[in-house]
Number of protein chains: 2
Amino acid sequence: MATMATPKHKPPSKHTIDALIRIVGTEHAISDASAMAPYLVEWRDRYRGKAALVLKPGDTGEVSSILKIANETRTAIVPQGGNTGLVGGQIPFESGHEVVVSLERLNRVRDIDLASNTMTVEAGLTLAQVKQVAASAGRLFPLSLASEGSAQIGGVLATNAGGMAVIAYGGARELALGIEVVLADGRVWDGLKCLRKDNSGYDLKDLIIGSEGTLGIITAAVLRLFPKIAERVTCMTGLKALDTAPDFFARALERAGPALTAFEIMPRIGIEFVLRHGSQVRDPFPDPHQWYALFELSSPREGSELAQLAETLLKQGLEAGEIADAVVASSLSQAEALWRLRELIGEVQKEEGGSIKHDVAVPVARIPEFIARADQLVELMIPGARPVPFGHFGDGNIHYNVSQPAGMERTVFLANWEALNAAVHEIVLDLDGSISAEHGIGRLKRDLLPHAKQPLEIELMRKIKAAFDSNAILNPGKLLR
Amino acid sequence: MATMATPKHKPPSKHTIDALIRIVGTEHAISDASAMAPYLVEWRDRYRGKAALVLKPGDTGEVSSILKIANETRTAIVPQGGNTGLVGGQIPFESGHEVVVSLERLNRVRDIDLASNTMTVEAGLTLAQVKQVAASAGRLFPLSLASEGSAQIGGVLATNAGGMAVIAYGGARELALGIEVVLADGRVWDGLKCLRKDNSGYDLKDLIIGSEGTLGIITAAVLRLFPKIAERVTCMTGLKALDTAPDFFARALERAGPALTAFEIMPRIGIEFVLRHGSQVRDPFPDPHQWYALFELSSPREGSELAQLAETLLKQGLEAGEIADAVVASSLSQAEALWRLRELIGEVQKEEGGSIKHDVAVPVARIPEFIARADQLVELMIPGARPVPFGHFGDGNIHYNVSQPAGMERTVFLANWEALNAAVHEIVLDLDGSISAEHGIGRLKRDLLPHAKQPLEIELMRKIKAAFDSNAILNPGKLLR
């Protein structure tokens with residue numbers, strides 16, 4: 001996969017390296033190759049980069065000092081959070097000329113305001129820590145990712161991460177009211193507003209969120225907090241057919257409104273993989289179904305009418321011929337068991353050999369058409385390959401993963417990656433979709449972007465990049481060529 | 001108020017004017033001064049501009065052709081929707097060299113997708129029409145403004161309008177999934193995505209939304225639709241004191257969560273003004289209270305537990321000593337009567353003479369402190385002046401309006417406008433607030449912006465402006481000098 005041209009940056013001089021190390025102190029700078037290794041490898045081993053140095057600044061001022069020198073010396077900087085990204089945005093290229101800046105030591109909770117329902121946190125806290133701090137204060141921070149134990153909030157914002165609860169709460173961008181950012185030249189933009197409404201100028205916050213470290217380094221953020229969940233009902237249904245899922249979903253949303261806090265789909269083959277390779281799992285239904293929907297209703301109040309609502313939704317789905325069977329979790333452990341079926345799909349897939357992945361979105365109504373067309377294409381291109389499309393149905397976000405045909409040589413199958421991506425993305429774009437729903441562009445999809453966007457969009461993005469980072473030192477070669 | 005320097009643009013030549021008229025046809029171009037008048041006057045008569053021409057293009061292609069010529073000839077363009085803006089952004093300056101482009105004829109509903117809960121509409125539909133089309137399809141478009149009968153959706157998005165329901169649904173920016181924009185040089189960016197998740201590049205949509213026509217002209221948008229409301233409970237409370245409002249609000253939000261769809265506050269003097277000057281109004285309480293909160297609970301389901309929830313919230317508020325009295329509307333007409341008390345405040349204020357206005361936001365927890373400090377300041381600066389602070393408490397958005405002392409000469413009072421604004425805004429900024437919560441910057445607050453923002457922010461905004469509109473033809477002199 002690592003065939004992409006390395007951007008040309010000169011190696012930092014000895015003098016520059018010494019100056020950078022002095023900022024953080026020798027105990028927080030790593031230049032030894034083996035000690036740097038964990039910062040240079042993508043966790044699925046898709047990318048292995050090199051770096052001149054890894055720096056671990058202790059506060060925003062140190063990040064500022066680093067960028068000031070980097071900008072003056074044209075040293076390329078790769079900002080890194082928890083190194084859980086899925087598109088290689090956080091990994092330096094192979095030149096060894098770049099400097100990785102890890103935000104891990106910026107890990108303070110600066111403020112929590114329960115009346116305003118906001119908390120101000122630094123970039124290096126993990127998402128799980130942020131959620132834990134919110135929970136301890138009796139609040140919910142709703143963003144939920146498989147990687148939340150390692151993913152840091154700075155990286156979550158830099159990549160506008162999504163996850164399970166976007167349907168009700170929005171993604172990272174909608175959950176941040178303000179950010180503190182160190183710009184390419186080291187100046188600090190204090191955009192830590194705690195305001196729900198602020199129409200005083202261009203929306204710089206949302207421009208920087210999701211820019212994958214190419215416009216600035218997010219060092220802190222004001223996050224929105226929500227009432228904690230007091231009651232939750234988790235349901236899993238066997239669908240009659242995928243085609244009926246949009247109608248079932250639309251009716252659920254119509255009745256449940258904001259109480260519908262998750263709506264995921266899974267194919268039979270995904271459940272089979274989980275049953276085959278997962279531990280502590282069992283099929284909740286006596287008979288197999290081609291497709292399953294897992295949905296969740298939540299309320300900040302105990303004794304609300306969620307159980308009755310779930311019953312109504314399931315009854316209507318059965319009557320309308322949309323669902324074939326359903327289970328409602330009657331305990332927290334049952335709910336967790338249902339969620340486990342969904343969450344393990346991505347993980348167990350590797351037990352079935354190579355998998356070619358797509359993180360795409362299409363309008364909800366067009367999901368069945370997308371999957372039907374993509375499946376047809378896969379069978380045509382790689383007969384016997386096994387599509388395992390699953391994910392966040394309510395957001396139109398499907399992880400269209402394709403497992404290799406049983407018995408095929410893994411590398412032979414994976415040689416189809418780029419060709420299959422191109423063909424699947426063509427369908428996505430034909431359906432007015434996105435080739436990156438939630439994982440971002442990074443390095444993996446950088447050269448696909450010009451095919452997926454209008455030339456005008458790329459031009460505007462380039463102009464913005466030049467306006468923010470005229471020396472192109474911030475994560476060069478990621479997102480944009 | 002109209003003391004601001006007019007930006008220097010040359011008048012369009014006869015040749016340019018003829019070319020522009022040819023694009024839309026003579027029947028859709030106005031050059032007669034009296035026929036142009038309605039497009040040149042701000043509705044509260046705060047600004048009276050002049051124009052070389054008013055154009056009413058019929059589709060996106062015509063808008064594109066207009067901007068192409070304008071960009072080539074350096075002709076300044078003022079985009080205009082329903083002309084309901086409150087900061088003069090939609091009104092040309094006094095030079096008479098600018099061309100107003102009214103979007104009123106772009107009024108088609110292009111698409112409505114119930115399964116995906118989106119609708120695609122053109123800029124010239126009024127907000128009321130958009131809401132009506134959504135309602136006819138069994139859906140809710142939740143944005144609610146006093147001016148919704150005239151305000152057009154293009155202008156609503158260009159100014160990122162807020163209103164009553166932001167607390168639950170977000171403002172214009174959060175309610176638009178995609179936009180179609182004509183850029184300064186006439187090229188059309190088709191950003192009409194219907195996706196809830198799209199992480200493929202910089203967030204151009206949110207940059208253009210709220211840019212007040214200075215980065216491009218929005219010609220169409222994809223809007224999010226929500227389940228229609230089946231049940232609504234409206235409550236008005238007399239508060240014990242303003243200081244207890246944040247606690248009462250926080251508890252209401254904690255229990256109600258997304259069911260809390262409005263939370264407004266009003267001072268006694270506002271209610272008195274309404275009772276004195278409004279028609280069909282009465283005080284719902286036997287005794288007067290210094291402050292009132294009006295809140296609303298909504299559900300997409302009939303027979304939900306909202307009535308019981310309201311009762312619990314009021315009981316807890318009484319027990320905690322936060323509220324002194326409360327009424328719950330027992331019919332739609334009673335609910336409307338309560339809302340009328342809130343909605344008339346802005347309107348009836350003019351019966352009490354001049355009013356100096358502020359549209360500000362501070363963190364919710366700091367609203368009482370803000371109002372106390374501002375009131376003190378007003379009494380110091382203009383003894384006898386009567387503050388009437390009301391508005392969207394749940395968003396931290398207070399319309400801090402100040403009515404003149406009884407008997408004072410109106411113009412003498414209004415001569416304090418800029419000095420009072422400056423002093424009130426200083427308190428707002430000290431509390432980490434915004435000098436424009438929802439009305440925008442436009443012309444009214446343009447020269448205040450450099451005091452309210454960091455120089456870095458202004459610099460980044462200027463760079464973005466230059467990147468999008470290098471000839472500075474789009475609404476020049478608005479938002480940025």
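Tell me the residue from A:ALA437, A:ALA406, A:ALA466, A:ALA452 that is of a type in the set (Gly, Ala, Ser) and closer than 30 Å to A:LEU260 by Cα, please. Let's see the steps before the verdict.
Values: A:ALA406 fails: closer than 30 Å to A:LEU260 by Cα; A:ALA466 fails: closer than 30 Å to A:LEU260 by Cα; A:ALA452 fails: closer than 30 Å to A:LEU260 by Cα.
A:ALA437 is the lone residue from the list that is of a type in the set (Gly, Ala, Ser) and closer than 30 Å to A:LEU260 by Cα.
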Check: Any idea which of (1) in a loop (DSSP other than H, G, I, E, B); (2) modelled with pLDDT of 95 or more; (3) open to solvent by 10 Å² or more (accessible area, probe 1.4 Å) is the one A:PRO258 doesn't satisfy?
Finding: (1)
Note to self: Need the failing condition index for B:HIS425 against (1) assigned to a helix (DSSP H, G or I); (2) under 19 Å from B:GLU379 (Cβ atoms); (3) open to solvent by 20 Å² or more (accessible area, probe 1.4 Å), just the number.
What the structure shows: (3)
Next item on the list: Please work out if B:ALA415 is at pLDDT 95 or above and either aromatic (Phe, Trp, Tyr) or open to solvent by 50 Å² or more (accessible area, probe 1.4 Å) (or both).
Entry: yes
Check: Since B:ALA158 meets every condition but one in (1) within 13 Å of chain A (Cβ to nearest Cβ); (2) open to solvent by less than 10 Å² (accessible area, probe 1.4 Å); (3) touching a Gly at 6+ places or on another chain (Cβ under 7 Å), which condition does it not meet?
Finding: (2)
Next item on the list: Only residues in the stretch A:455-481 that are free of Cβ contacts under 8 Å to residues at least 40 places away in the same chain count as the first member; pair them with residues that are part of a helix (DSSP H, G or I) and among the acidic types (Asp, Glu), Cβ under 8 angstrom, at least 6 apart or cross-chain, and list the lot.
Entry: A:ARG481/A:ASP447
Note to self: Tell me yes or no: at least one residue of the stretch B:230-241 is out of contact with any Asp or Glu (no Cβ under 7 Å at 6 or more places or on another chain), free of Cβ contacts under 8 Å to residues at least 12 places away in the same chain and either of a type in the set (Gly, Ala, Ser) or more than 13 Å from every other protein chain (Cβ to nearest Cβ) (or both).
What the structure shows: no
Note to self: Only one of A:GLU379, A:GLU418 is farther than 23 Å from A:TRP291 by Cβ and not β-branched (Val, Ile, Thr). Can you tell me which?
What the structure shows: A:GLU418
Check: What tally of residues in the stretch B:169-180 results from selecting those that are open to solvent by 30 Å² or more (accessible area, probe 1.4 Å) and either assigned to a loop (DSSP other than H, G, I, E, B) or facing chain A (nearest Cβ under 8 Å) (or both)?
Finding: 2
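In a strand (DSSP E or B) and among the small types (Gly, Ala, Ser): does that describe A:GLY391?
The answer is yes for A:GLY391.
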Check: Just for strands (runs of 3 or more DSSP E) wholly inside the stretch B:49-132: which have at least 2 residues that are open to solvent by less than 10 Å² (accessible area, probe 1.4 Å)?
Finding: B:53-55, B:77-80, B:99-102, B:118-122
Item checked: Of all residues in the stretch A:296-350 being free of Cβ contacts under 8 Å to residues at least 60 places away in the same chain and within 14 Å of chain B (Cβ to nearest Cβ), the one that is farthest from A:ARG410 (Cα to Cα) -> A:GLU305
Margin query: Looking only at residues that are within 30 Å of A:ASN475 (Cα to Cα) and part of a strand (DSSP E or B) in the stretch B:189-228, which one is most open to solvent (accessible area, probe 1.4 Å)?
Written below: B:ASP190
Next item on the list: Of all residues in the stretch A:18-47, count the ones that are touching a residue at least 40 places away in the same chain (Cβ under 8 Å) and part of a helix (DSSP H, G or I).
Entry: 9
Next item on the list: Give the number of residues within the stretch B:21-44 that are open to solvent by less than 50 Å² (accessible area, probe 1.4 Å) and either of a type in the set (Lys, Arg) or modelled with pLDDT under 95 (or both).
Entry: 1
Check: Of the residues in the stretch B:466-477, how many are more than 8 Å from every other protein chain (Cβ to nearest Cβ) and open to solvent by 20 Å² or more (accessible area, probe 1.4 Å)?
Finding: 3
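Among what's in the stretch B:181-227 and is basic (Lys, Arg) and over 17 Å from B:VAL109 (Cβ atoms), pick the residue that is farthest from the other protein chains (Cβ to nearest Cβ).
At the first step, the residues of the stretch B:181-227 found to be basic (Lys, Arg) are B:187, B:193, B:196-197, B:205, B:224.
With over 17 Å from B:VAL109 (Cβ atoms) added as a condition, the list becomes B:187, B:193, B:196-197, B:205.
On the way: B:ARG187: 6, B:LYS193: 7, B:ARG196: 4, B:LYS197: 4, B:LYS205: 9 Å.
Taking the candidates together, the pick is B:LYS205.
Could you please let me know if B:LEU456 is of a type in the set (A, V, I, L, M), open to solvent by less than 40 Å² (accessible area, probe 1.4 Å), part of a helix (DSSP H, G or I) and more than 13 Å from chain A (Cβ to nearest Cβ)?
Values: of a type in the set (A, V, I, L, M): yes; open to solvent by less than 40 Å² (accessible area, probe 1.4 Å): yes; part of a helix (DSSP H, G or I): yes; more than 13 Å from chain A (Cβ to nearest Cβ): no.
It is false that B:LEU456 is of a type in the set (A, V, I, L, M), open to solvent by less than 40 Å² (accessible area, probe 1.4 Å), part of a helix (DSSP H, G or I) and more than 13 Å from chain A (Cβ to nearest Cβ).
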Check: Failed condition for A:ALA184, given (1) modelled with pLDDT under 95; (2) open to solvent by less than 10 Å² (accessible area, probe 1.4 Å); (3) small (Gly, Ala, Ser); (4) farther than 19 Å from A:SER298 by Cβ, with all others met?
Finding: (1)
Margin query: Looking at (1) open to solvent by 20 Å² or more (accessible area, probe 1.4 Å); (2) at pLDDT 95 or above; (3) more than 18 Å from B:GLU426 (Cβ to Cβ), which one does B:VAL388 not meet, given that it meets all the others?
Written below: (1)
Notebook entry, point to check: Before we move on, is B:LEU380 open to solvent by 10 Å² or more (accessible area, probe 1.4 Å) and closer than 25 Å to B:GLY88 by Cβ?
Noted result: no
Note to self: Can you find a residue that is more than 7 Å from every other protein chain (Cβ to nearest Cβ) and among the hydroxyl-bearing types (Ser, Thr, Tyr) anywhere in the stretch A:421-439?
What the structure shows: no
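Among the residues of the stretch A:220-236, is any touching a Cys at 6+ places or on another chain (Cβ under 6 Å) and among the aliphatic types (A, V, I, L, M)? Even if it seems obvious, please write down each step before you answer.
The initial filter retains those residues of the stretch A:220-236 that are touching a Cys at 6+ places or on another chain (Cβ under 6 Å), namely A:222.
So of that shortlist, the ones also among the aliphatic types (A, V, I, L, M) come out as A:222.
Taking every residue of the stretch A:220-236 in turn, at least one turns out to be touching a Cys at 6+ places or on another chain (Cβ under 6 Å) and among the aliphatic types (A, V, I, L, M).
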Check: For the stretch B:53-96, how many residues meet the condition of being of a type in the set (Ser, Thr, Tyr) and in contact with a Gly (Cβ under 6 Å, 6 or more places away or on another chain)?
Finding: 1
Next item on the list: Go through the stretch A:133-155 and give me each residue that's in a loop (DSSP other than H, G, I, E, B), in contact with a helix residue (DSSP H, G or I) (Cβ under 9 Å, 6 or more places away or on another chain) and open to solvent by 10 Å² or more (accessible area, probe 1.4 Å).
Entry: A:GLY138, A:SER144, A:LEU145, A:ALA146, A:SER147, A:GLU148, A:GLY149, A:SER150
Checklist line | Close pairs from the stretch A:197-218: first without any contact (Cβ under 8 Å) to a residue 24 or more places away in the chain, partner small (Gly, Ala, Ser) and not in a loop (DSSP other than H, G, I, E, B), Cβ under 8 Å, at least 6 apart | finding: A:LYS197/B:ALA361; A:LYS197/B:SER434; A:ASP198/B:ALA361; A:ASP198/B:SER434; A:ASN199/B:SER434; A:SER200/B:SER434; A:SER200/B:ALA452; A:LEU204/A:GLY191
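The values are calculated or read from the model by the stated rules, or taken from the named source; none is laboratory data. Just so it is clear, the structure is predicted and the values come from calculations on it, not from any experiment. Cβ atoms come from the backbone with ideal geometry, glycine included; neighbour counts cover every protein chain shown. For the accessible areas, the whole protein counts, side chains as well, though only heavy atoms, and no ligand, DNA or RNA atoms are used. Shrake-Rupley method; radii C 1.70, N 1.55, O 1.52, S 1.80 Å.
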